[in-house]
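Worksheet for the structure shown next.
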Amino acid sequence: MDVLYENLLTLNWAQVAMWAIGGVLIYLAIAKEMEPTLLLPMGFGAILVNLPNSGAAAVIEHLFEIGINQHELFPLILFIGIGAMIDFEPLLTNPKLMFFGAAAQFGIFFTLCMASFFGFEINDAASIAIIGAADGPTSIFVANMLNSSYTAAIMVAAYSYMALVPIVQPPIIKLCTTKAERKIRMNYTGKKVSKRTKILFPIIITAIVGMVAPDAVALIGFLMFGNLIRECGVLNSLSETAQKVLANLITIFLGITIASRMTAAEFLRLETLLIMGLGLVAFIVDTFGGVMLAKIMNLFFKNKINPMIGAAGISAFPMSARVVHKLGLEEDNQNFLLMHSIGVNVSGQIASVIAGGLILAFLAK
Amino acid sequence: MEEFTIVDALLTSVIGIATVMVILAIIAVLIIVVSKVIRAFENKTAKSEAVIGDTPAEVKPAGVPMPEGMNEGEVELIGTDEKTAAVIMALVSHNSGIPLNRLSFKSIKLLDDEKKGADK
C-alpha cells in the first residue's frame, strides 16, 4: 500500500493542469471535431505522460526518438500519404495560382520578426514562425531540425489553428475585402491536363526545390513521391494504401509521440501562451497576405480574381479552400470558387515546404 | 546560438519571401512550358495515329449494329476530354433518336476558335 501512497504523493498541481489541458484537447477533438485525428492522441498522450512516475513516458519518449528526433521519420512518411491525397490538376490548369501560395507565407516571415522581437532565440523564433505554414509535418520537421525547446507548444498551436481555420479566416477575409470583391465570379476553364504533365510535375518540383533548398528536399521529395504514386496510374493499390492506411497509421503514432514533449515542466511556461498568440498572428497575416496579393493582381489583370481565393494559400488542406468556397456561396449562391481555391491551397502546400526549407537553409547551420 | 537581432530577422524575412516568390514563379513558368510541349507532342502523335487509322484495313463495315447495350471502337479526341466527349455522344444519340450502339464516331475535335477562346 505504501507504494500506492508514495506514487499519489508525488502528484503535483502542474501535472493535474496538464491533465486538464489533455482533457480540453480531447474535448475539442470529440465535441467540436477539431483535427480529431491529432488532437485526440495528443490530448490522451498529455494525460499519459503526466501521470506520476508514468511508465508510459519512456515508451513514448522512445517513439519520439525513433519517429521524430532521428531524421523526422513520422512527418516525412506522413507526407507520402498527403502527397498521394493531393490532386494538383487545378493548379496545373492555372499555374499563376502559384503566387498566392507564396503570398500566404507572409505570416511565417512576419512572425519570425515578431518572435525575435519578443526575445526568442533564433532557432525558437524560426520554429514558432513555421506555425504560419499551417502544415503540421513541416512544423514538426523544422522545429525538430532547429532543436527548438518549444516543439510541443508549436505542434499544439499549429494543429489547433489548422482546425480553427473556419473560425479564424472568415473575419479576416471579410475585413480585407468588399462585398463586390467577394462576389467576383471566376471562370473555370477545366482544361485537360495530360497524364505526362501530371507525372512530370512531382519530379520537376522535387528537382527545383532540391537545388534551391536542399534542407527541404526530404519534405518535398516525400510529398512528391506520394503524388507520383498517385499519378503514375500503375500503382493504384499503393496510392490507396498511402492515402488511407499509411497516413492513418502514422497519424496515430505522431499524435501520441508529440505528447512526449507535453510534460508539465516543458509545456507549462509563459512562453507557451506567447507561442499560441504568435501562431494566431501567423495565420492572420498569412490570410491577409494572400488576399492582398489578389487585390494587387486585380489592378493589372483584365479578368478579375476573387481576392478571397488568396486566403486559401495557407496550405491547411483542404479546409482553407472549403472556407473560401463557402464564403463565395454566401455572397452569391452561383459563385463556385472551389476549383480555384483548391489550386491555391495546393500551391500553398508547396510554398510552405519551400519556406520551411529556406528557413532551415538560412538558420540551421 | 549567435546573436540574431530584429534587423537580421527582417532581412531574413524579406529575402525569404522574395525567394519563395521567385521559386514559385519559376515553377509556374516551367508548368506552362512543359504543358505546352507535352500538348504539342500529344497532338502530333494523335494526328499521325489518325492518318494510320484512315487506312482501309482499319475501316469497319458501316451500318452493322452492335448487339444492344454494346459499344466498340475508339473515338479520336482532339482538345476534348473523355467526359465532354461522352456528353456529346449521348446528346447526338438523344437528339437523332439513334441508339449509341448504332452510331459510329470517328473523332471529336474542339474547334480552333473555341480553343483560342478557352485559352484566354
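Quick notes on this one:
- Solvent-accessible area of segment A:132-263 (1.4 angstrom probe, protein heavy atoms only): carbon and sulfur portion equals 64 percent.
- Coordinate range along principal axes, alpha carbons of the protein assembly as shown, Å, largest first: 95, 56, 43
- Accessible area of residue A:288 in the full protein assembly, 1.4 Å probe (Å², nearest 10): 100
- Relative contact order %, chain A, counting alpha carbon pairs below 8 Å whose residues are six or more apart: 30
- Simple spin-label estimate for residue B:89 and residue A:16 gives 7.2 nm between the two label positions (7 Å along the Cα-to-Cβ direction from each Cα).
- Using a 1.4 angstrom probe on protein heavy atoms only, the contact between B and A buries about 3100 square angstrom of accessible area, both sides summed.
- Listed cross-link partners A:32/A:198; A:32/A:295; A:96/A:183; A:96/A:179 are compared with a 27 Å cut-off, the Cα-Cα value being larger for A:32/A:198; A:32/A:295.
- Ranked order, A:211, B:89 - accessible area, probe 1.4 Å, largest first: A:211, B:89
- Ligands, DNA and RNA are left out, and with a 1.4 angstrom probe the accessible area of segment A:2-363 is 39 Å² per residue.
- Computed FRET value (nearest 0.05) for residue A:183 with residue A:59, which takes r as the C-beta separation and R₀ as 56 Å: 0.55
- Spin-label pair residue A:252/residue B:18, simplified geometry with 7 Å Cα→Cβ offset, distance in nm: 4.9
- Across segment A:169-194, the residues whose backbone nitrogen lies under 19 Å from the label position 7 Å along the beta-carbon direction of residue A:330 are A:169-186.
- Virtual spin-label span in nm between residue A:117 and residue B:48, 7 Å along Cα→Cβ: 6.2
- Additional length obtainable on full extension of the chain from residue A:167 to residue A:24, 0.36 nm per residue less Cα span: 49.7 nm
- Comparing Cα centroids, segment A:68-112 and segment A:211-284 end up 10 angstrom apart.
The values are calculated or read from the model by the stated rules, or taken from the named source; none is laboratory data. All values reported here derive from a predicted model rather than from experimental measurement. Neighbour counts are summed over all protein chains in view; Cβ atoms, including those assigned to glycine, are modelled from backbone coordinates with ideal geometry. SASA here: full protein model, heavy atoms, side chains in, ligands and nucleic acids out. Shrake-Rupley method; radii C 1.70, N 1.55, O 1.52, S 1.80 Å.
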